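S.K.: Take a look at this one; I'll ask things after.
The values are calculated or read from the model by the stated rules, or taken from the named source; none is laboratory data. Not measured: the values here are computed from a predicted model. Note that each Cβ is placed from the backbone with ideal geometry, even for glycine, and that neighbours are counted across all protein chains shown.
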Amino acid sequence: MAFPYWRITRAPRLSVALQLTAFALYGLISPLLLGSLYGFQPELLLEQELERYSFAFSVADAVLVNVLRGGVLLFFWICAVIRRPAIYVSAIALAFTAVKTVALLIGLAISGHVGGVLTRLGTLFVCVVGGALEMYTVHQGSYKDIDPDIELDDKVQPLCTDTHAHTNTHTHTIVDHPSHSAAPTELTVDSSYTYLPPSIGTGASYRFDNEDDTDDDDNDVKNDNDDKLLTNGNDGLASGVKAPPKVSTVKCLIHYAQPDLGLIIGGGCFLVLSSLTKLMLPKFIAQCISAVLDSSASDEVFWGGVVYLVLFSILFSFFSGLRVWCTAKVEVRLVARVQRVLLANLMRKDVQYFDEHGTGALTSRLTSDATLLGSILTTNLNLVLQYSIQLVGSLLFLFLLGWQLACVYSAISIVFFVGTRLFGNLIRTMQRKVQDVKSDANHVADQAISLIRLVRAFASEEWECRRYNEWNRRQVLQELKIKMSYALYLPCVTIVQNGLVILVLLLGAWYVYHGYMSGEALTAFLLYSQGVGDPMINLAQQVVALATGLGAGEKIFEIIAEKPTLPISGGIVPFSTPKGHLEMRGVWFAYPSAPLHAVARDINVEIRPGERVAFVGLSGSGKSSLLSLILRYFDPQRGSIAFDGHDIRVLDPRWLRNRIGIVTQESMLFGISIKDNIAYAMPDAPLADVQEAAALASCHEFIVALPQGYDTEVGERGVRLSGGQRQRLALARALMRKPTLLLLDEATSALDAKSEASVQQALDLLHSKTKMTMVIVAHRLSTVKDADRIVVMCSGRIVETGTHAQLLAQNGAYRSLIDRQLQTDLLTHTRPRSRKQSRQD
Ligand SMILES: Nc1ncnc2c1ncn2[C@@H]1O[C@H](COP(=O)(O)OP(=O)(O)OP(=O)(O)O)[C@@H](O)[C@H]1O
């Protein structure tokens, strides 16, 4: 189970911690502050408090307690952090406060100050009741053991997302065009469906886009203008690869960080507080040092410095811890949120999108780029602010302590800064080369590891190692160059930094000697000067990191902003029971990446329910592309495909795909159990249904013969199973959804003869049992000879249609395909006798 990080954000116990810490801080800070005012003598402190005691003082005290508590409560509320340490700190400080209050009460009682005692008790009562009420409200209102981001996900919709993902449906009566269905058909229509092609609406009637075109079309296939027609028409034609949409990375980033606005503000406040408290430290260090060196200075000055030093050190650590926690939490949640939105968007993208971008690049957007983006708001921006405050604050102190010395110091620091920037640029250029060589080396290793079976088969282990070693050697050379540069750079920097200190000392000594500056100021100056150099260098580095993160964010937000052209859900859901009738009418199609090359040309074919139709043809003739069109991975540029009489462009794609089962050449199993593979994305499916699908796909026997049966893990992509077993599992997976149309895309072509026979047998059995419509794409013609109809394709066109025997008799393209495959056994059994042979007989 994932780590429930959200639990830390809301819990009634947290509010207890808030209250305790608020009291604790009051208890901790007020005695320390007062203590330092009275030379840190507790008995004096109590005496003074009793002396000053009055009604007004008591009321002011109550107000102070509540304001402090409110302020601290607000901070903790914003950050919602550090429950346990806060409780420990609170407990200690509460004890301290209690002792102080009791002592005061006793003091007041002894001095006969009855009104004072009562007022003090009243103050305490107000505080306790107020706190209890607050805790009760928090407890009643906000404790829920759920991830706040789940609620927030509804609010944080991806910017520029598509709008069709609603589920509200209502019924429309749609009159189909007479060419597809004579009677009106009742259908449900998703009211928010926005992806209808231009000429098809969700109104009372619709017609197919291409009818006029089909009528006008000359069936002469050898027209050179065919491909041009596909790119110049008017119904959403292929236009090649699209440019990514323009996005404002900062705007998107703010949008996605919005749910954690409180944490970000909290982090910002703690950052300012921690930087300011850190800035105070050198001042008190200098005070202590000069008090030690100056024999005339009183002990009070020294101890006063120590007390403030302790106080500010504690506050600095406290605020730093809170800052780190706030920012880390924002980062973790922001990265997770962006990843969720990105994956959800990727899942909706067109199939074409993945062909164009490659899975590797998209995975890296999801992992490394999302991480880089997350660190922008937190680590980078945080450090930029921190260093800026440190730099400006230190410079301010330097100028306050001695402006002449500060001018000299700043001038030299700027020259030093420019020098380091130039060196930084040089290193970056070298670093880029190292990265290139590293990625080449990784690429070689990655390929060798992922294709280890091939490497082993070709006994090319040493060859792969040699290739890797070469890149590895280049990487070492490049990296050594960088290290060498650093080795030269470091002494130079040290000399300049130490030289600066010596210069400040010499000049400062002259100023002190001539009475322009005190010794304490010089010590403070030296300490503050340390706070100038480092932030200067680090600031520049962080600005570069910020730019890198923004670049990564831009790539991510571009992906999110790019709308898919085809929906994955929404549209018409027919009420009638699906029959598995398929009809393609005048279908023309070219892939968007190759708009001038039509892979389907005027395809007209009708497949009746229960029919087994096979598409055959040479490699690249467009058979698989037709299956992609049926599944609506793409829309044809012209013509239409109708399922059960409805144009698939108006049907809900999710409904359509659930009616269709597909088995491809690559069985594409997940590295999970057999049961989960068969019941893919159906976690609640009963085992009986899984077994039924497995039995239909003729794989139940081999599954139960395995030691762990249906719980057997199949390994990555199903490597622990044989090819035939994998294909039958893929068939069972397809059958699990009880499809009415089964698409088999070279389902048996990667198998050996024995496995092929077992899968083929399973398919034959399935057809005889279910009478399911089947569309088969196959190379090996022996597997389709029993089909009801065979459609022969050539260069995207249908050139012959008929049964095996009819096509053989035609002696055309099918015959030549068979000849090509040298399927002599098939020919000997079924070859019609030629006229010459008959005459000889
Ligand atoms: N995603 C794609 N983008 C661009 N062109 C593609 C894409 N997929 C296939 N093609 C091209 O479309 C044409 C038809 O390919 P298709 O896979 O449909 O043929 P096929 O008849 O099924 O071939 P095979 O029998 O070898 O699988 C080929 O020229 C191929 O290069």
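S.K.: Taking residue 428 as meeting all but one of (1) touching a residue at least 24 places away in the same chain (Cβ under 8 Å); (2) under 32 Å from the mean Cα position of the chain (by Cα); (3) surrounded by 15 or more Cβ atoms within 10 Å (Cβ to Cβ), write down the number of the exception.
M.R.: Against the list (1) touching a residue at least 24 places away in the same chain (Cβ under 8 Å); (2) under 32 Å from the mean Cα position of the chain (by Cα); (3) surrounded by 15 or more Cβ atoms within 10 Å (Cβ to Cβ), residue 428 comes up short only on (3).
S.K.: Can you tell me which residue within the range 725-760, out of those that are of a type in the set (D, E, K, R) and modelled with pLDDT of 80 or more, is farthest from the ligand (Cβ to nearest atom)?
M.R.: 738
S.K.: Still on this structure: Would you kindly identify the helices (runs of 4 or more DSSP H) lying entirely within the range 656-732 that contain at least 2 residues that are of a type in the set (A, V, I, L, M) and touching a residue at least 12 places away in the same chain (Cβ under 8 Å)?
M.R.: Filter on the range 656-732 gives 674-678, 687-696.
S.K.: Then there is this: May I ask you to verify whether residue 383 is within 30 Å of residue 269 (Cα to Cα) and in the same structural domain as residue 282 (by the TED database)?
M.R.: So residue 383 passes the test.
S.K.: Please find, within the range 761-806, the residue that is farthest from the ligand (Cβ to nearest atom) out of those that are on the phi > 0 side of the Ramachandran plot and either in contact (Cβ under 8 Å) with a residue 60 or more places away in the chain or acidic (Asp, Glu) (or both).
M.R.: For the range 761-806, the residue satisfying everything is 771.
S.K.: Looking at the range 608-638, which of the residues that are in a strand (DSSP E or B), away from the ligand (no atom under 12 Å from the Cβ) and over 38 Å from the mean Cα position of the chain (by Cα) is farthest from residue 815 (Cα to Cα)?
M.R.: Among those that are in a strand (DSSP E or B), away from the ligand (no atom under 12 Å from the Cβ) and over 38 Å from the mean Cα position of the chain (by Cα), it is 612.
S.K.: Separate question: Does at least one position in the range 379-397 carry a residue that is at pLDDT below 80 and within 31 Å of the chain's Cα centre (by Cα)?
M.R.: Looking for residues that are at pLDDT below 80 and within 31 Å of the chain's Cα centre (by Cα), one finds at least one in the range 379-397, hence yes.
S.K.: Just to verify a result, which residue in the range 640-651, among those that are more than 16 Å from the ligand (Cβ to nearest atom) and part of a strand (DSSP E or B), is surrounded by the fewest Cβ atoms within 10 Å (Cβ to Cβ)?
M.R.: Going through the qualifying residues, I end up with 651.
S.K.: On the basis of being buried (at least 18 other Cβ atoms within 10 Å of the Cβ) and of a type outside the set (Val, Ile, Thr), does residue 706 make the cut?
M.R.: So residue 706 fails the test.
S.K.: Within the range 806-813, can one find any residue that is surrounded by 16 or more Cβ atoms within 10 Å (Cβ to Cβ) and out of contact with any Phe, Trp or Tyr (no Cβ under 9 Å at 6 or more places or on another chain)?
M.R.: Taking the range 806-813 first, the residues surrounded by 16 or more Cβ atoms within 10 Å (Cβ to Cβ) are 807-808, 813.
Checking which are out of contact with any Phe, Trp or Tyr (no Cβ under 9 Å at 6 or more places or on another chain) leaves us with 813.
Within the range 806-813 (the criterion being surrounded by 16 or more Cβ atoms within 10 Å (Cβ to Cβ) and out of contact with any Phe, Trp or Tyr (no Cβ under 9 Å at 6 or more places or on another chain)), the answer is yes, since at least one residue qualifies.
S.K.: For the range 568-610, what are the residues that are hydroxyl-bearing (Ser, Thr, Tyr) and closer than 21 Å to residue 349 by Cβ?
M.R.: Our first condition is that a residue be hydroxyl-bearing (Ser, Thr, Tyr); within the range 568-610, this holds for 569, 576-577, 591, 593.
The answer is 569, 591, 593.
S.K.: Here's a follow-up. Exactly one condition in (1) in contact (Cβ under 8 Å) with a residue 40 or more places away in the chain; (2) in a loop (DSSP other than H, G, I, E, B) is false for residue 295; which is it?
M.R.: (1)
S.K.: In the range 564-607, which residues are of a type in the set (Val, Ile, Thr), in contact (Cβ under 8 Å) with a residue 40 or more places away in the chain and away from the ligand (no atom under 12 Å from the Cβ)?
M.R.: 565, 568, 572, 573, 587, 605, 607 - these are the residues of the range 564-607 that are of a type in the set (Val, Ile, Thr), in contact (Cβ under 8 Å) with a residue 40 or more places away in the chain and away from the ligand (no atom under 12 Å from the Cβ).
S.K.: Looking at (1) more than 30 Å from residue 565 (Cβ to Cβ); (2) surrounded by 23 or more Cβ atoms within 10 Å (Cβ to Cβ); (3) more than 16 Å from the ligand (Cβ to nearest atom), can you tell me which one residue 712 breaks?
M.R.: Of the numbered conditions (1) more than 30 Å from residue 565 (Cβ to Cβ); (2) surrounded by 23 or more Cβ atoms within 10 Å (Cβ to Cβ); (3) more than 16 Å from the ligand (Cβ to nearest atom), the odd one out for residue 712 is (2).
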